[in-house]
Amino acid sequence: MFDTELTRDQTPFVEEISEDFWRRTFYQAPVGLVSFAVYKLRGSLYFQQLMAKARAYGIRIVPEIPEPSLKTLSRYRAVLHQL
């Protein structure tokens, strides 16, 4: 949590996610399904390519900033006026 860093290259994350999906989905699957997946989908690479197509390029994540409270501004102006 405290060692959080932003990265532009998400490739390692995409690879890890797709490999985890492959393991969870196909390691305990019937042999016929696994054979089809290996032959047609080429393993976890298919899921990596699929996720790459689903990415939204050019999107920036901007935190929502609450509008500042200006309740003390009138008191500040009054004190400033007295000076």
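The values are calculated or read from the model by the stated rules, or taken from the named source; none is laboratory data. All values reported here derive from a predicted model rather than from experimental measurement. Here the Cβ is made from the backbone with ideal geometry for all residues, glycine too, and neighbour counts use every protein chain on show.
Taking region 8-37 as the search range and keeping residues that are among the polar types (S, T, N, Q) and either at pLDDT 85 or above or farther than 17 Å from M51 by Cα (or both), which one is surrounded by the fewest Cβ atoms within 10 Å (Cβ to Cβ)?
Q28
For region 51-82, enumerate the residues that are within 30 Å of K40 (Cβ to Cβ) and either touching a helix residue (DSSP H, G or I) at 6+ places or on another chain (Cβ under 8 Å) or modelled with pLDDT under 70 (or both).
Matches in region 51-82: M51, A52, R55, A56, Y57.
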